[in-house]
1. Inspect the stretch B:44-65 for any residue being within 12 Å of the chain's Cα centre (by Cα), within 11 Å of chain A (Cβ to nearest Cβ) and of a type in the set (Lys, Arg) and give the result as yes or no.
2. Just need a number here: residues in the stretch A:1-50 that are over 60 Å from the mean Cα position of the chain (by Cα), among the hydrophobic types (A, V, I, L, M, F, W, C) and assigned to a helix (DSSP H, G or I).
3. Keeping to the stretch A:1-55, report how many residues are under 30 Å from B:ALA31 (Cα atoms), of a type in the set (Lys, Arg) and more than 7 Å from chain B (Cβ to nearest Cβ).
4. Restricting the search to the stretch B:45-63, which residues are of a type in the set (Val, Ile, Thr) and either outside any helix (DSSP H, G or I) or touching a helix residue (DSSP H, G or I) at 6+ places or on another chain (Cβ under 7 Å) (or both)?
Amino acid sequence: MALDRIEKLIDKYFEGETSIAEENELKTYFSSLDVAQHLQQYKPVFGYFSQAKAEEFKAEIPLNTKKRNVAVWLSIAASFVIMLGVGTFMYLNTIEEIPSTATAYGTYDDPEKALAETEKALALVSEHLNTGIESVSYINEYQNSKNKIFKK
Amino acid sequence: MNQNEFIKTVSPFKDKLFRLAKRLLVSTEEAEDATQEVLVKLWTRNETLSELKSVEAMAMTMTKNYCLDQLKSKRAGNMTIVHNNYTDSQASLQQKIEDVDSLNWVEKIINDLPEQQKLIIQMRDIEQYEFEDIAKILDMSEATIRVALSRARKTIREVMTKTHNYGIG
């Protein structure tokens, strides 16, 4: 390669006027072994440019948006399951309670019917109470005989 | 665009993003973080990517903006930077005498350039973008870019010539 052409290219290069092709020409010239003595100082500059271009990006590309999506969906699913669990628990509890209160305290909408039922219930209670008392009345016999024996 | 398509679109230029980030942030770890950040940002708007003319130019612009923001916030939060610079330059002065690896030297010179010139050198001399593309990425006119590039190259030449002569004399 003609030396005067290289010198011209170098001048152009430092003015920022060279094209990519011309710059590549310079690069190949300076990467060769026979660089003119007075141009030796430029050798490392072009050498460095070639070397710097060889460096690579080795770290991985963290496209974790997909993973994040999975986590979001997983948490949504988990909260849904929890809510469903709590919901069924509450639902079953109320279902059991409603009939039990109804039978335990049985209510009537019609007041007359309620009165009749109440009287019936009270009559039943007093009847049984009286039969109880009758069966206990013989206990008085003990008192009578005791009084006979221990006369005051 | 699904994940595989996205990776296919991105892989031809992801190294370029990384190198640009490293040029500005210097540390490899920070550059990796920045690149990942930019790629994730790009992925989140993957619905609109197909409408873009050049995803690469868009990604380069995003990387540039992200790194400049990083640098700005770091500088705002660090008041001892002046002192650090001072000690750093002393160390590099010593290294200047000892360092025989001239490639490292070029890197140091480029890292001392102003950010805009760093970006332009990176994109033109290392990644070999056309001026038209650089103009798009940086949102500047081609003429301004040529001027800044010429200035950066001349700074590199100046320092290299100095150290070259230092080595001889």
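1. no
2. Looking only at that region, the number is 8.
3. Residues in the stretch A:1-55 being under 30 Å from B:ALA31 (Cα atoms), of a type in the set (Lys, Arg) and more than 7 Å from chain B (Cβ to nearest Cβ): 2 in total.
4. The answer is B:VAL55, B:THR61, B:THR63.
No lab work stands behind these numbers, since they all come straight from the coordinates. The structure presented is a predicted model; accordingly, all values stated were derived computationally and were not measured. Every residue, glycine as well, gets a Cβ built from its backbone with ideal geometry; the counts of neighbours run over all protein chains shown.
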